[in-house]
Structures are given as C-alpha cells and as structure tokens.
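The values are calculated or read from the model by the stated rules, or taken from the named source; none is laboratory data. Quantities reported herein were computed from a predicted structural model and do not represent experimental measurements. FYI the Cβ positions are ideal-geometry reconstructions off the backbone, even for glycines, and counts take in every protein chain you see. Surface accessibility is based on the protein's heavy atoms, side chains included, excluding ligands, DNA and RNA. Shrake-Rupley method; radii C 1.70, N 1.55, O 1.52, S 1.80 Å.
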2 protein chains.
Amino acid sequence: MPDFFDVVHTQRACRSFSDDDVPDELLAKVLDAATFAPSAENKQPWAFVVVRDPDTRGRIAELTRQVWEGGARQYEETHLDARILADVDQGTTGGFARAPVAVVVCGDAGSAFESTLPSSVFPATQNLLLAATALGLGSALTTLATAMRDELSTSLALPDTVKPMAVVFLGWPAKKLGPPKRVSYREKTHRDRYGESFWRS
Amino acid sequence: MPDFFDVVHTQRACRSFSDDDVPDELLAKVLDAATFAPSAENKQPWAFVVVRDPDTRGRIAELTRQVWEGGARQYEETHLDARILADVDQGTTGGFARAPVAVVVCGDAGSAFESTLPSSVFPATQNLLLAATALGLGSALTTLATAMRDELSTSLALPDTVKPMAVVFLGWPAKKLGPPKRVSYREKTHRDRYGESFWRS
C-alpha cells in the first residue's frame, strides 16, 4: 500500500524509459484514478486516448519535438537551468518516442463549458501522474503537442468538441529518478493578503 | 499512513463544514503537498493565499454566491441533477461562508507563460485537495469567484501578474461524506483512436 504523502513527494517527470511494456491492467488502475478527480458540477468532461500504436505514438512524439524545436526551446535557453534544458532536449528528441504508452488527455466541450475544462481535466491528469508514481511507473506531462491541435486531433480521430489538452508519456524509468526539486510552500504562501507571511515570526 | 488509492477514491467535494478550526500545522502539510505538483519546465508558477480573516473569507464566499446566482445557477438548473444542484445551492448560500479557511490558488504570469498556468496550477490544486482528504479535512474546489477577478484580486491585494484561478474552501466536514459518484474509466478511455474501446472484448 503506497503511502499518500510518499507518492506526492516522489512524483516527478521521467523523460527516459526502458524497453519494457506496461500491461493494460496497470493502465486501468492509472486511468481509474484519473476519473476520480473533481470536476465542475461533476460533469467529468474528460476523455483519455491510450496510444500504443507505434506510428501514432511516433507522430505525437514528433509533434512534441516540432513545437519544442520550433520556438519553445529558443525561449527556454535563456530561462531554464542547463540540466533541465538538457533533460527536456533528451525527452523531445528521443526519450518520449521510446515510451511504450502515450495517454492523450482531452477535455470534451460537448459535456461542459470550455472555460471549465482546465479545472477538471488537469486535476484528472494529476491523479493519473500520481497513480503512475504509486505503481512505480515513470511519467511525463507535456502540453507541447497540443499547440498543434489540428494535427494531433487528426492522428487520434478526435471529434470537433474534444480538445487535446495534455500528453502523458508512460513507461518504466530507464534509471532511478532523483527527488523532485521544489521551492518551499513557505515562499509560495501568503496569509489573508498577498505579501503577508503565512508563518508569523 | 493513508493509502494512496484510498485517498484518491474518497476525495470529493464537501460543502458543509463544522465550526472547528484547522490548525496551521495541518494547512502546512496541505500546502507542502500542493507545491510538489509538476509544472511546465518546473517553473512552479503558483501562489496560495490562505484566508482566515472573516471579512475577506466572507467577501470570497459572497463573490462565489453572486456568480452562482447571477447566471451559473440558471444554466445548471436544466443541466444538473437535483441533488447536486441543492448541494451547490447550500454551499454558495451559506456552507462555504462557514468554512474556517479559504485558499485562493493563483497563477503567476510573471514567472511562466500565461498559457501554461492551468497545466501547472490545477495539478497543484489537486494535490492540495488530495492532501486535505488524506488528513480527514473536507474541501471544495470552485472557480466561480474567479469570474470576478478584479473584485477578488482587490480583496487579496494581488499584483497584476498574479491571477486567481481557484478557491478551495477547507474545514472539517459537518457530516460524513458519501463516496464520490463517477462514470467508469472504461467509458472514458479509447485505444489508439477516439471511439475504439480500450478493452478488446
């Protein structure tokens, strides 16, 4: 039984996967967890396309690479530390393509207002990532490919109302992942008004 | 040690709170969990304003009520089942105002592209909700008050770049919560292309 807080504190991006496959039974647990997220008025406006087909997976990884190399990387060169930049480079140019599974997480504007989709679909995505961590799987959330919505939608035969919002690459980590690096909540939390320290000193 | 999958399967909205307060030490655990969410390029573009001040809490609850009664409710009357509608009515007209804590979850467009905020801020919000559940707290995520961004920002003295994206009401549940009602992942999951069943029969 994985401890809840252990899972939360170890969940992090994995951008390098082994060749081992992920059985459907594990994916089922991960997807089941995703559907237990809250949603505006419990509309549950999510849809998951689990992609194992090599051509379609390759296409998704290729779109991810194109968006990264077509502009996002250039901006991040001056904004990211070199280690993360190198890791994202490695993911977009090969690591993601080797993940045995890509889950495209979509929001359905036919079942909820489009403006409410992010506050429902991204909590579901987070449940999915946490469940993957709880089962020992590596995962990476990226929204890069969604910048090419038309191309991505065509690959997956998405109806017009179904909007691709995130891609999660899933597989077994190629190497042991280090701990996530985070700024403490103490620097991110304010009391009553922005700028007031949460902890009274 | 709360089991991860138990927490995921019991997390749900609470719209009715007891009068008991929530100590800072518990809020710290909840906020710490929130900051372990993933974010685009690990920018961690979130900020949390923890509101205990009764006037400010009252203002947030009032904005929530105004947006609900000013239009959202009318639409939902014909789209929601009567039980959820009654529960949201109860929350917006009194339940939320009695929660001892409101956490306003914000995205900082000064530290990440605005378009990437939802995919970072809502995973953090989901970690917050799950951690609350793990500790026995009741919680409700609502974005209603964020529709009145200017009024909400003024109440919290938010800088221009800091965008309020969600409000989480926190406290102890007034009564035992039932299990969340969800459509099975089997009906929400597709294999390789939209419309193809995930489980081959």
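Among the residues making up the stretch B:39-63, those that are touching a residue at least 12 places away in the same chain (Cβ under 8 Å), outside any helix (DSSP H, G or I) and either more than 25 Å from A:A82 (Cα to Cα) or touching a strand residue (DSSP E or B) at 6+ places or on another chain (Cβ under 8 Å) (or both) are B:S39, B:P45, B:W46, B:A47, B:F48, B:V49, B:V50, B:V51, B:R52.
In the condition set (1) more than 9 Å from chain B (Cβ to nearest Cβ); (2) at pLDDT 95 or above; (3) open to solvent by 30 Å² or more (accessible area, probe 1.4 Å), A:S18 is compliant with all but (3).
Among the residues of the stretch A:21-31 satisfying the criterion of being free of Cβ contacts under 8 Å to residues at least 60 places away in the same chain and part of a helix (DSSP H, G or I), which is most open to solvent (accessible area, probe 1.4 Å)? Walk me through how you get there before you give the answer.
Here is the first cut: in the stretch A:21-31, the ones free of Cβ contacts under 8 Å to residues at least 60 places away in the same chain are A:23-25, A:28.
Next cut, part of a helix (DSSP H, G or I) only: A:24-25, A:28.
Numbers: A:D24: 35, A:E25: 113, A:A28: 11 Å².
Ranking the qualifying residues of the stretch A:21-31, first place goes to A:E25.
Residue-wise test of (1) open to solvent by 20 Å² or more (accessible area, probe 1.4 Å); (2) assigned to a helix (DSSP H, G or I).
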position	(1), (2)
A:D150	yes, yes
A:P164	no, no
A:V168	no, no
A:K175	yes, no
A:R182	yes, no
A:H190	yes, no
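Sort out which residues of the stretch A:34-79 are among the aliphatic types (A, V, I, L, M) and in contact with a His (Cβ under 8 Å, 6 or more places away or on another chain), and write them in order of number. Show your work before the answer.
Keep residues of the stretch A:34-79 that are among the aliphatic types (A, V, I, L, M), which gives A:34, A:37, A:40, A:47, A:49-51, A:60-61, A:63, A:67, A:72.
If the condition is that a residue be among the aliphatic types (A, V, I, L, M) and in contact with a His (Cβ under 8 Å, 6 or more places away or on another chain), then A:A47, A:V49, A:V50 are the ones that fit.
If the condition is being basic (K, R) and within 7 Å of chain A (Cβ to nearest Cβ), then the stretch B:35-52 contributes only B:R52.
Provide a single number: the residues in the stretch B:99-128 that are assigned to a helix (DSSP H, G or I) and either of a type in the set (V, I, T) or at pLDDT 95 or above (or both). Outline the logic, then answer.
Of the residues in the stretch B:99-128, the ones assigned to a helix (DSSP H, G or I) are B:114-128.
Those still in the list that are either of a type in the set (V, I, T) or at pLDDT 95 or above (or both) too: B:116-128.
Looking only at that region, the number is 13.
For the stretch B:89-99, filtered to residues that are in contact with a helix residue (DSSP H, G or I) (Cβ under 7 Å, 6 or more places away or on another chain) and of a type outside the set (G, A, S), the residue that is farthest from B:V30 (Cα to Cα) is B:T93. Candidates are the residues of the stretch B:152-162 that are without any contact (Cβ under 8 Å) to a residue 40 or more places away in the chain and open to solvent by 30 Å² or more (accessible area, probe 1.4 Å); the one that is farthest from B:R83 (Cα to Cα) is B:D160.
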